[in-house]
Ligand SMILES: Nc1ncnc2c1ncn2[C@@H]1O[C@H](COP(=O)(O)OP(=O)(O)OP(=O)(O)O)[C@@H](O)[C@H]1O
Ligand SMILES: [Mg+2]
């Protein structure tokens, strides 16, 4: 299985790249949230992504969102792909509402160090690791660069929520937690703790982000807890954390996982999905980027491919528009931008990331004359086809532009093509879209038919046999 580390496309406006999820604008009041396979442990994102993790997390959230709507409305609209959720755009409240049924994690560490008061809640002496509280406690944190614990009064004083809002959040969080814990209990699982995020939509409080996933919760097997409550391990990342601790030397933890550890982590995530939902998550071996593009394109969020027309100066716009217009009938996305290889070449790495790293197929057409450094600079940096289509005013101008477009150093594979419409058609052919093959073949046939008809007309007019 192939993991997805990040989702990149010039067709979608990026709103946020978080530790785990990449969010894009879908419409003014909706966004696409792509759960990548990135895994963060000990507060850092590992270099190794875990195949299927994003699909497991998205699928679990979707499952819980559907089943908790009656408790509190949420942002979830539907899954567009196993790892992509369409959600309502909300105004997030900068608060994480943490609910804990047991003394674990950072709270246990603080408790051991002698703390007894947490976010305005006092806990008694003499508790042991993972011990259950008489009833779940709510320990909110602020949501900022450094999430900080805060009492409800502090949250209100900081202007993050109104007292009424806090009351509603706490009530909703408690109900969600009770429902989640009950459902998991039926499956032999224990919800130790979790965190919820809320936002405002249409002046209403809605649950956002994710719910009861292994990234937002600690979930224990109930039997292991019963056997040895102090040593029970949560079902997801604990395995990775343990491996990292063991493999770390001199306090330096590895940032990458060996393939077998990644594969075992995938297995555990899939197992958890099946245990909670009762069905297994059937994922093909297809590259998740291709799968996502297919789903996003089929549902109208993007086209299946793009052509980017990069101009050396705004003066090239008319020429660039001819290329765009020639592409219009074929249903591919057209991106346009101005970038001078000579004057702002420092913008190239970002472009290499966007075009070169895109999940969807694409071709770049460089439109620059005089001294065309653009086509070569793009071809040298982007692992996608680059065509130079230099504009020219007369044949002398053409000579200059041609030389600078075509005389390229080694490992700079830019092609040169003169007519904007031919550039558009070559770009289409480079894309090799199965859906266009027949259409392009028909167009070739139509040219032949037209020529044959002209031939007949000429021969008839000249009275040839
Ligand atoms: N419905 C929504 N409307 C607006 N924002 C949302 C919605 N649901 C989730 N978010 C925000 O989208 C982001 C999800 O990405 P992710 O969880 O990967 O980021 P994060 O790691 O929490 O963020 P950061 O890296 O900034 O700490 C969060 O900032 C979350 O608050
Ligand atoms: Mg988050």
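Would you mention how many residues in the range 194-211 are touching a helix residue (DSSP H, G or I) at 6+ places or on another chain (Cβ under 7 Å) and away from ligand 2 (no atom under 14 Å from the Cβ)?
Adding up the residues that qualify gives 1.
Yes or no, residue by residue, for (1) in the same structural domain as residue 360 (by TED's automatic domain parsing); (2) assigned to a loop (DSSP other than H, G, I, E, B); (3) in contact (Cβ under 8 Å) with a residue 40 or more places away in the chain:
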| position | (1), (2), (3) |
| --- | --- |
| 400 | yes, no, no |
| 412 | yes, yes, no |
| 422 | yes, no, no |
| 427 | yes, no, yes |
| 455 | no, no, no |
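Residue 85 - would you say it is in a strand (DSSP E or B) and either free of Cβ contacts under 8 Å to residues at least 60 places away in the same chain or not assigned by TED's automatic domain parsing to the domain that holds residue 145 (or both)?
Details: in a strand (DSSP E or B): yes; either free of Cβ contacts under 8 Å to residues at least 60 places away in the same chain or not assigned by TED's automatic domain parsing to the domain that holds residue 145 (or both): yes.
Considered against the rule, which asks whether it is in a strand (DSSP E or B) and either free of Cβ contacts under 8 Å to residues at least 60 places away in the same chain or not assigned by TED's automatic domain parsing to the domain that holds residue 145 (or both), residue 85 comes out as yes.
Please find, within the range 338-362, the residue that is surrounded by the fewest Cβ atoms within 10 Å (Cβ to Cβ) out of those that are touching a strand residue (DSSP E or B) at 6+ places or on another chain (Cβ under 6 Å) and over 17 Å from residue 289 (Cβ atoms).
Once the filter is applied, the top-ranked residue is 338.
Go through (1) at pLDDT 95 or above; (2) at positive phi and name the single condition residue 251 misses.
Answer for residue 251: the failing condition is (1).
Failed condition for residue 279, given (1) part of a helix (DSSP H, G or I); (2) under 26 Å from the mean Cα position of the chain (by Cα); (3) modelled with pLDDT of 95 or more, with all others met?
Every condition holds for residue 279 apart from (1).
Which strands (runs of 3 or more DSSP E) sit wholly inside the range 138-231 and have at least 3 residues that are touching a strand residue (DSSP E or B) at 6+ places or on another chain (Cβ under 6 Å) and within 14 Å of ligand 1 (Cβ to nearest atom)? Walk me through it before giving the result.
On the way: elements: 189-201, 204-208, 217-221.
Where strands (runs of 3 or more DSSP E) fall fully within the range 138-231 and carry at least 3 residues being touching a strand residue (DSSP E or B) at 6+ places or on another chain (Cβ under 6 Å) and within 14 Å of ligand 1 (Cβ to nearest atom), they are 189-201, 204-208.
Filtering the range 18-34 down to residues that are near ligand 1 (Cβ under 8 Å from one of its atoms) and part of a strand (DSSP E or B), which residue is farthest from residue 248 (Cα to Cα)? Steps first, please.
Here is the first cut: in the range 18-34, the residues near ligand 1 (Cβ under 8 Å from one of its atoms) are 18-23, 31, 33.
Now drop any that are not part of a strand (DSSP E or B), which leaves 21-23, 31, 33.
Details: 21: 27, 22: 29, 23: 33, 31: 39, 33: 33 Å.
Step by step, filter the range 18-34, then rank; the result is 31.
The values are calculated or read from the model by the stated rules, or taken from the named source; none is laboratory data. Because the structure is predicted, anything quoted here is derived from the model rather than measured. Cβ: placed from backbone, ideal geometry, glycine included. Neighbour counts: every protein chain shown.
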